[in-house]
Amino acid sequence: MRCPNCGTDGKHRVLDTTQELEGIRRRRVCETCGYRFNTMETLIAQMPLLIKADGTRQEYSREKLLRGIRIACAKRPVAAIDIDRLVDNIEYQLLHLNKLEVPSRIVGDMVIMGLKELDAIAYIRYAIVYLGLDSLESVRDEIDHLLEEEAQMAVDEAESSFAESSADEEPNPTDIVG
């Protein structure tokens, strides 16, 4: 490694090492010129090849995935950090499949599930292309299905809250009058 200030190769020492989510950050000092600089060490993981629907293989592209998700989330109240987290989560899941090749459908399904939790409109936008919803009726059916899921989640949350509040209010035996 060369000093970014004087270009001396390999004459530097590590002052501090910090473990972070992105990798290992090291604070270094060049022993030739005294310049202090930071380096970041990250693991280079081999993402699996994607098998497209037509059988061709394509390298995974984080940029392509981000672009597709950003298009679906355009002009929606979705923070860039949330999109990055979704892509990070998808990459984490892909790496932990421990396969050299995976069908691209798996990535699409992961995006669909992530967008469904993130933003319903972004989900519908992505689903129109990904699921091939080619008629207003099929789009309406997907929206109806999404609304049913949201309604069921609301019912489940209400029941859960009621059960928790009921459990907190156990009767006191001294309150019972015989």
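Rule-based calculations on the coordinates, nothing more; no lab input. Since this is a predicted model, take the numbers as computed values, not measurements. Please note: Cβ atoms are built from the backbone with ideal geometry, for glycine as well, and neighbour counts cover all protein chains shown.
For the peptides 18-28, 81-91, 112-122, residues were scored by their other Cβ atoms within 10 Å and the scores averaged per peptide; the highest-first order is 112-122, 81-91, 18-28.
Relative to the present Cα-Cα distance, how much length would full extension add between residue 64 and residue 120 at 0.36 nm per residue of separation?
Numbers: separation 56, 0.36 × 56 = 20.16 nm, distance 2.13 nm.
That pair, residue 64 and residue 120, stretches by 18.0 nm at full extension.
Spatially close Lys pairs in the chain, defined by Cα atoms under 20 Å apart and a spacing of eight or more places or different chains, total 5.
Distant-in-sequence amide contacts of residue 49, defined by a placed amide H-H separation under 5 Å and a gap of 5 or more residues or a different chain, comprise 101, 102.
The slack in the chain from residue 13 to residue 37, taken as 0.36 nm per residue of separation less the alpha-carbon distance, amounts to 7.6 nm. In order along the stretch 119-130, the phi-based Karplus estimate (6.51 cos²θ - 1.76 cosθ + 1.60, θ = phi - 60°) of 3J(HN,Hα) comes to 7, 4, 5, 4, 4, 4, 4, 5, 5, 4, 7, 5 Hz; Gly and Pro are listed as x.
Phi angles of the stretch 30-41 translate, via the Karplus equation with coefficients 6.51, -1.76, 1.60 and θ = phi - 60°, into HN-Hα couplings of 6, 7, 7, 10, x, 5, 9, 8, 10, 10, 10, 9 Hz per residue; Gly and Pro are given as x.
As an equivalent ellipsoid, the chain spans semi-axes of 45, 31, 15 angstrom, where each value is the square root of five times an eigenvalue of the C-alpha gyration tensor, largest first.
Extension gain, residue 164 to residue 151: 0.36 nm times the residue separation minus the Cα-Cα distance gives 2.7 nm.
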